[in-house]
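Computed from the coordinates by the stated procedures, all read-outs in this text should not be read as laboratory data. Just so it is clear, the model here is predicted, and its values are computed rather than measured. When we count neighbours, we look across all protein chains shown, and the Cβ atoms used for this are built from the backbone with ideal geometry, even at glycine.
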Amino acid sequence: MSSMPDAIVKQDAKYLADNARRRKRFSLWFYFLCVAIALISVVILIFLMASIWSQGHSRLSSDLLTRSHSELEIERSGMWPSILGSLFVCGTCAVVALPLGVGTAVFLEEFQPTNKLLRWIHGFVQLNISNLAGVPSIVYGLLGLTVFVYMFNVFGQIRVNESAGMEIMGYKHFYQVLTLEPGHVVFVPQSDPTKRQTTFDEPFQAVDPDGNSIEISIWTPGTPKPSDPAIRRQTVRAGAIGGTITERSWYYFRLPFDKSFLSAGLTLALVILPIIIISSQESLRGVPSSLREASMGLGATTWQTVRDVCLPAALPGIMTGAILAMGRAIGEAAPILVVMGAAVAKSTGPKHLMDDAVTMPVLIFNWAGRQQDEFKELSAAAIIVLLVVLLLLNSTAIYIRHHVQKAQS
Amino acid sequence: MFLQITSRPMPLDRKRAIGCLALVSSLLVGMVGCGSKSESTSTETAGESNTAVAASNLTGTIKINGSSTVQPIANAVKEEFAKLYPDVTVSVDGKGTGNGFKMFQDKETDISDASRPIKPGEFEACKENGVEFIEIPVAYDGLTIVIHPKNDWVDTLTVDQLKKMFVGGDAAKKWSDVDPSWPDETIEIFAPGTGSGTYDYFREVVIGKSEDALRSDMSLSEDDNVLVDGVAGNPYAIGFFGVAYYEESKDKLKAAKIVNPKDEQAYLPTPENIASGAYAPFSRPLFIYVSTASLPRAEVATFVSYFLENAPNLCERVGYVRLPEEIMQRAMNNLDAENVGTHYIDAEGNSRSGAVADIYQPENLTK
Amino acid sequence: MTLPKSLQNREFRSTRWGVLSERLIVISLALCATATVLITIGIIYMLITQSAGFFRSDAVTMSGFLTDTEWTALQSKDLAQAKFGIMPLLSGTFRVTLIAMIISLPLGLITAIYLSEFASAKIRSWLKPTLEIIAGVPTVVLGYFAILVISPSLQLFSDGAFSTFNATSAGIAVGILCLPMVCSLSEDAMRAVPRSLREGAYGLGCTPFETSVKVVVPAALSGIISAFLLAFSRAIGETMVVALAAGTLPTMTLDPTQQAQTMTGFIVEMIKSESEYGTVQYYSLYAVAVTLFTITFLMTLVGQIIRRRFKESYQ
Amino acid sequence: MSSVTPAIDSEQNSDALPDQTLIHIEKLNAWYGDFQAIHDLSLDIPKHKVTAFIGPSGCGKSTLLKWINRMNDVVPGARAKGRLAITGDASNDHVEIDVLDPGLDVVGLRRKVGIVFQKPNPFPKSIYDNVAFGPRLHMKTSKSELDELVEWSLQKAAVWDEVKDRLHGPALGLSGGQQQRLCIARAIAVGPEVLLMDEPCSALDPSSTLAIEDLIFELRTQYTIVIVTHNMQQASRCSDKTAFFFEGRLIEAGPTEQVFTRPQQKQTDDYVRGKFG
């Protein structure tokens, strides 16, 4: 047996005590450092909120929520169209990204490949998804611009007076003719789709607002002009020109999508798809495999197992992930700037699928850059509205997670 | 969409729009002018209508793109127009004069905003693509050279001094390079993007006809607000943009007086000086170009007439200077008679330059 | 206790339809998964075809693009005078990113140590949601914060040395943005370190500081590094903050008080700009996008690979 | 696939009948990837008896069990060769099922061959929904038929009295032993012929274990039960036949009494005496 090493035998008690005290003190300092630094993030958040609140709270009025952007009456500008716009864009995004994302996650998690090639492909898809999550959103914006807005120009370019792209449904073409009654127009169904305008010299049939057919008479300059407004509404000047207009139903659909909320929503769907996939995968992975075995053991097929056991069990997690992803989508501005442009002077929400829209972050971006103090304050107020929406979303997510953690434990 | 039968005073027909509009618009202009925005104040025109204002059943979509300098005017007109014609969608974007014309040539827009006249190349491209247009001046702008309020050494600037600051590779890096009595500090320059009419106009004034570019180490932004912020944040910065943006940010910036090369007097970009032409050489007209292919569409015709009628008042509200009555009248005549072509390019394809009152004459029109 | 009727009848559903619908469902789910691959292919295809418009131009050489120190795509209307050297944009990007990392890495890591090693359950239940809220703040809001609060404060404290738009204020805002990400990923990594390691360290008489810094952090190092890489690539790709706060002048300098146009900032500016479509200058935005995509893609890839390795090691 | 299995409701004592082979295994080899888990295994499992698989960990007994209802399908790299057949009998019109046939209707097989796992694994649903899960998948039943079926299954699994007042309460609120009996109820609710049990008591406390063992004893009158167990006493208490596995091979199989008291092989003897394992 060798004797104990000197290092152990010749211990200096004082040194040991000092050393221990020093290390303990150091550890305590480190603890305080940790606390201080962890507090920094809280301080940042409070500071951020406070500075935005102090700028914007005076503009939180019903005008802000109900009116639209105005260049002439800045003090009464509002963000209603942008709220609608965000709703439509994010709605589209959710409708596309959720099934696609959850479907992909289910496929990757629940249908494990059996042979080597498939397993390799599986791993590749998995890695690819992780990488997509790291692609900057502006690159998705560029993709959306090429794929959804222009569709590589495969379906033609959208040109005023000439081409509306490839119209598929929800449209009716009319000639719009001014009548003798100012401000009033009558509509003539367009018979020849290639004829962009037409001239009226003979009495003709038009449709009234209810879709009933009405007889329109012609007034030739030089003859007495009718004075009864009702007659004037049904009279047009000889040689009057009707230009085409399109009545679009809400389901108006054409290719390419052009700068529409649909393009923006689809682009955002690309941005959040990887996030949804990854979070859904994680919550599916959290479902104990014993449940799967139990279900399979009862003779359920893989899909039945997924539908009846895995998805219900993973649903809270999937929902939490989806809500957080939607929060990201609502706040995302860069891809929307690329796809829909930065114009904010829209007074309504989108009226049909191919209509454009303003979203809250783009409006904030626009207002924040303006010179007028009113706009600066408005933008802070709009941020407050946006943050309230996000806070609601986040707390729902946190609530769901908390609730489920409790229920499962 | 076509639900409301209305009796809003409006022109009967595109060709005669102006005549009819005389009555109507005087009312509308009066309404806007007196600052009353309530729709109910508008009453019927004599004999034309017997109901108070209701929304028109006019419908359709109008696409406008082009100069960000003209954009505030177009937006203002659009906003007032939308109150009368709620079913007409007007989309106004400000991608810059150059891009605006590009889209105009490609038939992507009905109306192109421009802060400079069309260039020969763009005119040719329009011809090739079969795009005909009517050129309509809508307002005066004074291109404003702005400096930081703390900048106490610059009071007046001459075109030569600007040339030293803005042109070429050997441009003045420091204020003292321009004038030895000025501080020995780096000049930081904020300017509108190269596709903007404002950039072109400025370049043409300080460089002349040659195709030389301004110096390349300026901060350029399409967003004039960025320029305002940029200059406002640095005492040694200088920048330029349309007078409207200066009007919005007078408390943060100072405009330099510009020495008029003709009378050697320095003038500020006040509305009077711009309108009188004393603020030379940086006062300039702003235009809209309307495609004739779009004019048969009732909504476009109505909008353009409305634009012309209301531009003088609305442009003042957003910070620009109204054009003389006489020029507006000529514009109306051009619209009424559908006189296509530009006044700023002669038959040989060279561009003309000079005061708008001199050039915007029927005899100068080139098809 | 008689056998229930349903078991006596033994009328089972035919499985044939089930098998068929199962097939259909698997195929449609597989199609969903294919979509993600299509997106990658789409991005790469778009970037290659569109940037071809740039690289094919005579005014551009690959070596010039990679090494030149001037970028004047927005400033030079005339192609002959335009300079296309990506370096200033890269330098801007890395200046902003570096500042962001200086802020977010130490703060994020220490917060993560605190959360995983020291914090009581109650503090965790407050601090974690706070971090999540910061993570959920839209970047445009942080950009607004940068120009409204950070930049003026910097100017105030430095007596005007900072210009209105500068790399520092953008960097700080991006740093705030990355902090929750660094924190939560690092915390995950540290929580995955088995308890036994900590117990071992305490058993040897280590203080909490020594345990966390000398045992837990090294054990979780690969996870932490991957968190850093992911945050780094996030910072590089961040757009709205730099578009609002970093300025529009590409500069080749190390001075953080100056403007710094980043790659993403340039793309936004070019999209918003009045530069004409179809010109080489316009297509240069796709060349920048290619560079941006390549850098972030590599970063994320390496980060992911490290993360996977690390995950396997404790399972 | 409709068949009548009169055997299920026959209450006669199966001990009185001669052994009928239900599952016939011949020269079975099974692999996980490159690792061979079962070597040349041949075994007959008698109908309406309890067969216990014993042996040390990793001896292949669980693998064999999982091959009987093809639960190994979901394990990547798992494959098997040889013959594993569930044979019919004269009173039953079903033909022989070749379990290893790749084209086999696995769903039908698993309906006939139910499985109960080591750890109780009720779905995070109500007790009722747990039991009704299988029938809802496989049968068209009315509400009353389903109620009847659920009650019957729970009674069979000897858990009805404990849960009848909270049928719609969460299954996860039950104790471990109740959960395991619920899992058995769930398995028999689809009317299987064979019940596979993979160490059904190893996660339970002694009194729950006893309850399950009693249940197994009850159930064998109507079901063919195969049970994998580590617990020698359990095997000797409740099985009719015992098979001893070692390193992927079947060492010995025979009536339980014989295996435990007069083993033919030395390894078996060592194992049942607790010399290793």
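Give me the percent relative contact order of the stretch A:162-255, please, defined on Cα pairs under 8 angstrom at least 6 residues apart.
Details: 179 pairs, mean separation 41.0, N = 94.
After rounding, I find 44 percent.
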Does the stretch B:164-271 come out rounded, prolate or oblate, given a ≥ b ≥ c as the square roots of the eigenvalues of its C-alpha gyration tensor, rounded meaning a/c under 1.5 and, failing that, prolate meaning a/b above b/c?
rounded
Rounded to the nearest 5, what is the percent of antiparallel bridges among the DSSP beta bridges in the protein assembly as shown?
65
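Taking the number of other C-beta atoms within 10 Å as the exposure measure, put A:TRP29, B:TRP175 in order starting with the fewest.
Details: A:TRP29 11, B:TRP175 21.
Starting with the residue having the fewest Cβ neighbours, the order is A:TRP29, B:TRP175.
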Quick query: amide H of A:GLY239 versus all other amide H atoms, modeled in the peptide plane; which residues come in under 5 Å with a sequence gap of 5 or more or a different chain?
A:PHE200, A:ASP201
Between the modelled labels at B:ILE207 and D:LYS275 (7 Å from Cα along Cα→Cβ) the distance in nm is 10.1
For chain A, what's the relative contact order in percent, using C-alpha pairs closer than 8 Å and at least 6 residues apart?
25
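Among all stretches of chain A without exposed GluC sites (Glu not before Pro) (DSSP loop, at most 16 other Cβ atoms within 10 Å), which one is longest? Each step should come with its number before you reach the end.
Values: sites that count: A:GLU73, A:GLU162.
For GluC sites (Glu not before Pro) (loop position, at most 16 other Cβ atoms within 10 Å), the longest site-free span of chain A is A:163-409.
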Considering only the stretch B:144-276, percent of DSSP beta bridges that pair antiparallel, nearest 5:
55
Kindly flag which residue pairs out of B:LYS209/B:LYS262; C:LYS5/D:LYS241; A:LYS376/C:LYS83; D:LYS47/D:LYS125 have an alpha-carbon separation exceeding 31 Å in this structure.
C:LYS5/D:LYS241; A:LYS376/C:LYS83; D:LYS47/D:LYS125
What nm distance separates the two modelled labels at A:ASN19 and A:ILE231, each placed 7 Å from Cα along Cα→Cβ?
11.5
May I ask you to derive the FRET efficiency for A:LYS116 and A:PHE152 from their Cβ-Cβ distance with R0 = 41 Å, giving the value to the nearest 0.05?
0.70
Fewest to most Cβ atoms within 10 Å: D:ILE86, A:ILE44 sort as A:ILE44, D:ILE86
Given C:LEU47, C:SER196, C:THR111, which one lies farthest toward the positive end of the charge dipole of chain C, if we put +1 on the Cβ of every Lys and Arg and -1 on the Cβ of every Asp and Glu?
C:SER196
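Please label the shape of chain C as rounded, prolate or oblate, based on the square roots a ≥ b ≥ c of the eigenvalues of the alpha-carbon gyration tensor (a/c under 1.5 means rounded; beyond that, a/b larger than b/c means prolate, else oblate). Before the final figure, lay out the partial values.
Numbers: a/c = 2.42, a/b = 1.31, b/c = 1.85.
Taking the square roots of the gyration eigenvalues as a ≥ b ≥ c, chain C is oblate.
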Could you give the angle, 0 to 90 degrees to the nearest 10, between helix A:360-369's Cα long axis and the longest principal axis of the Cα atoms of chain A?
90
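Using a Förster distance of 45 Å, how high is the FRET efficiency between D:GLN258 and D:LYS81, based on the Cβ-Cβ distance and rounded to 0.05?
Details: r = 30 Å, r/R0 = 0.67.
With a Förster radius of 45 Å, E is 0.90.
With contacts defined as alpha carbon pairs under 8 Å and 6 or more residues apart, what's the relative contact order of the stretch C:79-313 in percent?
Numbers: 338 pairs, mean separation 70.2, N = 235.
Reported relative contact order: 30 percent.
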Could I have the simple spin-label model distance between A:THR223 and A:LYS172, label points 7 Å from Cα toward Cβ, reported in nm to one decimal?
2.9
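Placing unit charges on C-beta atoms (Lys and Arg positive, Asp and Glu negative, everything else neutral), compute the dipole magnitude of chain D about its Cα centre in debye, rounded to 20.
Working: 30 positive and 36 negative charges, 138 e Å.
It works out to roughly 660 debye.
With only Lys, Arg, Asp and Glu charged, each at its Cβ (+1 for the first two, -1 for the last two), find how big the charge dipole of the stretch A:6-56 is about the Cα centre; round to the nearest 20 debye.
Working: 7 positive and 3 negative charges, 46 e Å.
Charge dipole of the stretch A:6-56: 220 debye, to the nearest 20.
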Can you grab the distance from the C-alpha centre of the stretch D:194-252 to the C-alpha centre of the stretch C:186-258, Å, no decimals?
53
Could you give the size of the charge dipole of the stretch A:162-255 about its Cα centre, using +1 on the Cβ of each K and R and -1 on the Cβ of each D and E, expressed in debye and rounded to the nearest 20?
220
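Past 30 Å, Cα to Cα: identify those pairs from A:LYS195/A:LYS351; B:LYS95/B:LYS367; B:LYS78/C:LYS77, in the order given. Write down the numbers at each step before the final one.
On the way: A:LYS195/A:LYS351 26 Å; B:LYS95/B:LYS367 26 Å; B:LYS78/C:LYS77 32 Å.
From A:LYS195/A:LYS351; B:LYS95/B:LYS367; B:LYS78/C:LYS77, over 30 Å: B:LYS78/C:LYS77.
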Considering the dipole of chain C built from charges on the beta carbon (Lys and Arg +1, Asp and Glu -1) around the Cα centre, which of C:GLY136, C:PHE12, C:LEU79 is farthest to its positive end?
C:PHE12
Between rounded, prolate and oblate, where does the protein assembly as shown land on the alpha carbon gyration tensor, with a ≥ b ≥ c its root eigenvalues, rounded for a/c under 1.5, else prolate if a/b exceeds b/c?
prolate
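Express as a percent, rounded to the nearest 5, the fraction of DSSP beta bridges in chain D (both residues included) that run antiparallel. If you can, show how the numbers build up before the last one.
Numbers: 25 of 42 bridges.
Counting DSSP beta bridges with both partners in chain D, the antiparallel share is about 60 percent.
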Using the number of other C-beta atoms within 10 angstrom as an exposure proxy, rank A:LEU132, A:LEU378 with the fewest first.
A:LEU132, A:LEU378
